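A short write-up of the structure that comes next.
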Amino acid sequence: MFISGASKPFEAIFVSSNSKKSDTCDPLIVFLHGGPHTVSLSSFSKGSLGFGEEALQSLPGKVGEQDVNDVLTAIDHIIEKGLASPSKITVLGGSHGGFLTTHLIGQAPDRFVAAAVRNPACNLALMVGTTDIPDWCYVEACGSKGKDIFSEAPSADYLTLFHSKSPISHLSKDVNDVLTAIDHIIEKGLASPSKITVLGGSHGGFLTTHLIGQAPDRFVAAAVRNPACNLALMVGTTDIPDWCYVEACGSKGKDIFSEAPSADYLTLFHSKSPISHLSKVKTPILFLLGAQDLRVPVSNGLQ
């Protein structure tokens, strides 16, 4: 199938069943190959082998952008042809296909009902120090010049770039993901929008308190166990202060970690915390706090 809606035309393969029994659109499974510079008999993307050097070199430096847009363009093309239902799309892939899959569910969280990944490359800033092909991270993030600037000790600037090119940079959409899931359940007629409660512990409590702060009219009650409500307070009292840096700053957090955070970092930690939405909370909430908890000290919940 020839796709012409992207920046440059490319091909995609559509495989359908010949045993369709109704006029309704079939579900769609989007299968993404690894590499990305490889050959697959049943799946292609711009940047694969087999379409010339220009197509091959078009992807390095544009991962997480060009490939994501190409996949979404192909999906839209299939939907416009009446070949698939927009509400029944799943996506899966391994290695770089997992990288692309997790980018898609992060950048287009409302497009997919399910996803599956095998050994996905979720964080290039972490992968560059643990993989047997660290030069790959440079080339995919920086383009062809990556092979010339490759170093086994990447600078903070390159680690930041690697993180920005990674699916994990879209992880903060967890609140939106939960609200999207709730909306889906309501649309299916499986729950009443006026009778929704939410609960969670530790980071689940962090997310629960974020939800009742950012969507104060959605929940009739909430319960949390030792919630991480204020990272600016938690960083000085927990046994994992580096966690606060990583969650607030991304993978570079482990490099800038300090037991004496600056005022700027404390401000950032507060802005990433549920307590920053405290003035909007309307939901009655039950706190379950453990006095001996060293990970999320009781002071977080009490505040």
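Cα centroids of segment 249-271 and segment 153-200: 22 Å apart. Legend: residue pairs K81/K147; K62/K88; K145/K252, Cα-Cα distance threshold 30 Å; pairs beyond threshold, K81/K147. For segment 83-90, putting each phi into the Karplus relation 6.51 cos²θ - 1.76 cosθ + 1.60 with θ = phi - 60° gives couplings of 9, 8, 8, x, 9, 9, 10, 10 Hz, in residue order, rounded to whole numbers and with x for Gly and Pro. Between V15, V220, V139, the GNM of the chain built on Cα springs shorter than 10 angstrom shows V15 fluctuating the most. For the chain, carbon and sulfur atoms together expose 56% of the accessible surface, with a 1.4 angstrom probe and every protein chain in place.
Taking amide H as placed 1.01 Å from N in the peptide plane, V30 has its amide H under 5 Å from the amide H of T90, V91, L92, each at least 5 places away in sequence or on another chain. Think of the chain as a dipole: +1 on every Lys or Arg Cβ, -1 on every Asp or Glu Cβ, centred on the Cα centre; then among V15, P284, G93, P284 lies furthest on the positive end.
The DSSP beta bridges internal to the chain are antiparallel in roughly 10% of cases.
To one decimal place, what Kirkwood hydrodynamic radius in Å is obtained for segment 204-303 from all pairs of distinct Cα atoms?
Kirkwood radius, segment 204-303: 13.7 Å.
Identify which of T180, T90, T160 has the largest mean-square fluctuation in a Gaussian network model of the chain, with springs joining Cα atoms closer than 10 Å. Maximum among the listed residues: T180. Comparing L126, L179, L190 in a Gaussian network model of the chain where C-alpha atoms under 10 Å apart are linked, the largest mean-square fluctuation is found at L190. Surface analysis of the chain yields an accessible area of 53 Å² per residue, using protein heavy atoms and a 1.4 Å probe. Against the set [x] 61, 55, 26; [y] 66, 37, 34; [z] 62, 50, 39, the structure's computed Cα extents along the principal axes in Å falls on [x]. So who's got an amide H within less than 5 Å of the one on R225, skipping anything under 5 residues away but keeping other chains? H placed 1.01 Å off N, in plane. Here G200, G201, S202, G205, L288 satisfy the definition.
The values are calculated or read from the model by the stated rules, or taken from the named source; none is laboratory data. Please read these numbers as outputs of a predicted model, since none were measured by experiment. Cβ sites come from the backbone with ideal geometry, for glycine too, and all protein chains shown count toward neighbours. Each accessible area value is taken on the protein alone, full model and side chains, heavy atoms only, with ligands, DNA and RNA left out. Shrake-Rupley method; radii C 1.70, N 1.55, O 1.52, S 1.80 Å.
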